[in-house]
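Colleague: Got a structure here, written out as structure tokens. Questions coming.
The values are calculated or read from the model by the stated rules, or taken from the named source; none is laboratory data. All values derive from a computational prediction rather than experimental measurement. As a convention, Cβ positions derive from the backbone with ideal geometry for all residues, glycine included, and neighbour counts pool all protein chains shown.
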Amino acid sequence: MDLITQHALIERIEHHRAAGRGTDTAPSVMHVPVSDYTDVERFARERQVIATAPAVVGLSGLVPTPRSFATVMVGDQPVVVTRDDDGSVHAMLNVCRHRGAEVAQGCGSAARLTCPYHGWVYGLDGAGMSRRRGEHFDGELVGLTRLPVLERDGIIWTCGDPDGTLPDQPLHGAERELGPLGLDRLRWFGTRTFTRPINWKLAVDTFCEAYHLTTLHRTTLAPLIHDDFALFDDFGPHGRMIATRRSIAELDDMAPDDRRLLPHATVLWFVVPNTVLIHQQDHIQLYQSRPGSSPDEAHLDVSLYVPTDDGHDDHYWRKNFDLLVDVTDAEDFTTAAGIQRGAHTRAQEHVVFGRNEPALQHFHRSIDRLLA
Ligand code: FES
Ligand SMILES: [Fe+2]
């Protein structure tokens, strides 16, 4: 994010602070049918969209060097991402062309991928290289099924449809802010995956407003971050919300040219359909919410990307990571599980998104547009 943008955003924040209880607002409240979280037919369409839309696989640090690979889930499909000897990134369905075993497990470094079941071998670009006792098979050795892939501004994209295409600029202009952050220099620290009894959208919803800080996160986050005080801008279907840390008051004593927003902000990028990229000062947290086997189940992948030479050891980042995931899980996702139970009652037909929840409104409109 360049200085001009940071200064413009600081000006907006000051305007809100001067007004007392200001925050960016939407023009009207929005009513969303409760059935959006429970309807089986809608859920099937959402799964389809997530399976085929441009998807963030991770940051470049997921496969940091030539000959590295990582396995991820894109929607409900197992995918292996590799970086070949020339540094180019590839994405393939992680499905062996013999009898379909997962060729790669976990992540690591390898010159080629060898299926653990019967030992068929594939290159890092997915090409079939050899099959053991090949005399028992006919025809030529086919490679892994390739998926479209794009590495841009430190983000790796794919889509789960082998015949699909990726746009040149999947970030719809957000790359102007994310590009200068140098995301490609961050190190992948780890990913935690867990399953919760919530609709996949609820895991995104919880990041889409700062209105619940003082109530739900009274002792954990509220001492650090202002309640109900956020900026929102859309980038096509995506959105960017800026939650302000209490330390923003330090800017009051600084000359305007010396002011910087980023040390005092948590910047949340909502990349539709199902990724939340959180920029916290020096590191990135990536939340990805995948639909489970029903509208009542979500698989959550939480990844942490950290600076390479910041002087902190792994113990420091492990503590940070655990704290972050534990707070979100214990406070946000536990509340979301209650929302999901309530959605199956006849308490109400709609939930309401307030004027002070513009990111939430935008996210749901974007998903509706994708479904249409
Ligand atoms: S399933 Fe991969 S070698 Fe048999
Ligand atoms: Fe929260």
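Colleague: What number of residues within segment 173-189 are part of a loop (DSSP other than H, G, I, E, B) and at pLDDT 95 or above?
Modeller: Qualifying residue count, segment 173-189: 1.
Colleague: Any residue that is under 27 Å from the mean Cα position of the chain (by Cα), over 30 Å from PRO295 (Cβ atoms), more than 16 Å from ligand 2 (Cβ to nearest atom) and not in a loop (DSSP other than H, G, I, E, B) - is there at least one of those in segment 73-86?
Modeller: So far as segment 73-86 goes, yes, one or more of its residues are under 27 Å from the mean Cα position of the chain (by Cα), over 30 Å from PRO295 (Cβ atoms), more than 16 Å from ligand 2 (Cβ to nearest atom) and not in a loop (DSSP other than H, G, I, E, B).
Colleague: Looking at segment 71-92, is at least one residue under 15 Å from ALA127 (Cα atoms) and within 16 Å of ligand 1 (Cβ to nearest atom)?
Modeller: The answer is yes, given that some residue of segment 71-92 is under 15 Å from ALA127 (Cα atoms) and within 16 Å of ligand 1 (Cβ to nearest atom).
Colleague: Oh, and also: Which condition does TYR122 not pass, out of (1) within 10 Å of ligand 1 (Cβ to nearest atom); (2) touching a Pro at 6+ places or on another chain (Cβ under 6 Å), if it passes all the others?
Modeller: Failing condition for TYR122: (2).
Colleague: Within segment 140-153, identify whether any single residue is in contact with a Cys (Cβ under 7 Å, 6 or more places away or on another chain) and either part of a strand (DSSP E or B) or over 20 Å from LEU370 (Cβ atoms) (or both), and answer yes or no.
Modeller: Narrowing segment 140-153 to residues in contact with a Cys (Cβ under 7 Å, 6 or more places away or on another chain): 147-148.
Those still in the list that are either part of a strand (DSSP E or B) or over 20 Å from LEU370 (Cβ atoms) (or both) too: 147.
Yes, segment 140-153 has at least one match.
Yes or no, residue by residue, for (1) over 17 Å from THR206 (Cβ atoms); (2) of a type in the set (Lys, Arg); (3) not in a helix (DSSP H, G or I):
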position	(1), (2), (3)
HIS299	no, no, yes
TYR305	yes, no, yes
ASP309	yes, no, yes
TYR316	yes, no, no
VAL327	no, no, no
GLU331	no, no, no
THR335	no, no, no
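Table: residues versus (1) hydrophobic (A, V, I, L, M, F, W, C); (2) more than 13 Å from ligand 2 (Cβ to nearest atom); (3) within 22 Å of the chain's Cα centre (by Cα); (4) at pLDDT below 95.
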position: TRP157; (1), (2), (3), (4): yes, yes, yes, no
position: VAL204; (1), (2), (3), (4): yes, no, yes, no
position: CYS208; (1), (2), (3), (4): yes, no, yes, no
position: LEU224; (1), (2), (3), (4): yes, no, no, yes
position: ALA249; (1), (2), (3), (4): yes, yes, no, yes
position: ASP252; (1), (2), (3), (4): no, yes, no, yes
position: VAL267; (1), (2), (3), (4): yes, yes, yes, no
